[in-house]
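Below is one structure, written out as structure tokens; comments come after it.
Computed from the coordinates by the stated procedures, all read-outs in this text should not be read as laboratory data. All values derive from a computational prediction rather than experimental measurement. A quick note on method: Cβ atoms are made from the backbone with ideal geometry, for glycine too, and the neighbour counts reach across all protein chains shown.
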Amino acid sequence: MRTATITIHPAAITHNLNQVKQRAPNAKVLAMVKASAYGHGVKAVLPALQQADGIGVATFDEALEARQLGWDKTIGLIEGVFYADEWQQAIDYDCSCVIHHAPQLEWALDNIPKMDSPTRQVWLKYNTGMNRLGFDDNAIVQVAEQLHAAGYQLILTTHFANADNRDHPLNAVQIQRFSSMLKLLQETVCVEIKGSLCNSAGIVNFTDYHYDWVRPGIMLYGSSPVNNQCAADLDLRAAMDFSAQIMALQTLNAGNAVGYGSRWTATKETRIALISVGYGDGYPRLFSEGAYVCIIDDVRNQHYSCPICGQVAMDMIVVDVSDIPTDIGLNSKVILWGAMPQVDEVATHAGTIGYELLCRLSARPKRI
Ligand SMILES: Cc1ncc(COP(=O)(O)O)c(C=O)c1O
């Protein structure tokens, strides 16, 4: 049977969560599991996140899935609800919501949850420079006052636009705005107001600004969130192996072109392997020079990097195996991403980011 396979390693996720906790020992952790836990599958991931204080999702359906799987701690809806009746559903399912614009404020003021409801805790979104969601300086104090007066407990929150690049000038601006506003709200509205600033890159790069809640996503799954350190530098472990197998072998003569568009031509006699994966599985179609896969040699306990040649197709890719032992044959395991190559490397060769590759895997690969 054809096997493109996604294998999830819950122990790696727990390890990565512990890395977060070591880096941010005084903060609570809202572990981001939106977009099907960055493509890893919420069901596979939740058991590994038992030591997190809560999870973060982007849609109410994602929250519902987590509740149905038995998650009984905090669920943060990081974009809040989209309709007034969804606010009631958020109350029914004990979700804690972001409030980022006036309609959400109105729904929250019109329908105040019971005293002991987790929905009484809201994440008040402050626009510090990302300029997508959130109240600006002119509105935020008044919104905080209204919510506080209605009995809500507030977490002031914002999101970095460039935290992956430590030296980007906007980081200092966002940090400054956030810390001053938090201080102001604590002094003028309620001393108990909490703060939440950092995603993964913020956790790594801005250790003095972890505040009360950190919101790690990508680093839980073993990818580096910063542009100057790789996953191994940060002691993060890949939580996903994406693998396939050799489905056929061929020898090309010099001058033979391979694949759609005949884009790659052998310059000498070349042994190629056809690998049972393609863009129909979520493997990226467009690659720059240098993209490779790792073929596993179980007999010698070795792995070999083999360059991709030709065009990625829906169901197969072609790699050059001229330089590996000839007894590595049909059905050998091929790692597309995992410990090596890391998804970030694959993404760089495909002109994208690891986040996208993880999230856009299709339903076809087998999941373990
Ligand atoms: C509001 C918010 N917080 C935290 C995160 C997690 O970010 P990362 O995966 O970079 O850690 C995201 C992800 O997009 C987000 O939107």
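Here the Kirkwood formula puts the hydrodynamic radius of the chain at 22.3 Å, using every distinct Cα pair. Let's test the formula: R0 of 41 Å, r as the Cβ-Cβ distance of L286 and D208. What FRET efficiency results, to the nearest 0.05? FRET efficiency, L286 to D208: 0.55. When both bridge partners sit in the chain, DSSP labels roughly 55% of those beta bridges antiparallel. If you count Lys pairs in the chain whose Cα atoms are under 14 Å apart, skipping same-chain pairs closer than 8 places in sequence, the total is 5. Label reach from Q229 (point 7 Å along Cα→C-beta): in the stretch 170-211, amide nitrogens under 19 Å belong to 171-172, 197-211.
Can you pull a Stokes-Einstein diffusion coefficient for the stretch 240-367 at 37 °C (0.692 mPa s), Rh from Kirkwood over Cα pairs, as a whole number of µm²/s? Taking Rh from Cα pairs, D becomes 224 µm²/s.
Between I75 and I55, S96, the built amide H atoms are under 5 Å apart, and every one of these is 5 or more places off in sequence or on another chain.
Only helical runs count toward this figure. For the chain, summing -39,500 (n - 2.57) over DSSP H runs of n ≥ 4 and dividing by all residues gives -8000 deg cm²/dmol at 222 nm.
Couplings for the stretch 23-33, taken from phi via the Karplus curve 6.51 cos²θ - 1.76 cosθ + 1.60 with θ = phi - 60°, read 6, 10, x, 9, 9, 7, 10, 9, 7, 7, 10 Hz in order; Gly and Pro are left as x.
Placing a pseudo-label 7 Å from each Cα along the Cα-to-Cβ vector at H101 and D116 gives an inter-label distance of 3.6 nm.
Between Q121 and Q153, the built amide H atoms are under 5 Å apart, and every one of these is 5 or more places off in sequence or on another chain. Calculate how steeply helix 137-149 sits against the longest principal axis of the alpha-carbon atoms of the chain, using the helix alpha-carbon long axis, and give the answer as 0 to 90 degrees to the nearest 10. With rounding to tens, the tilt is 70 degrees.
Here the label points at A149 and C190, each 7 Å from Cα along the C-beta direction, are separated by 1.4 nm in the simple model.
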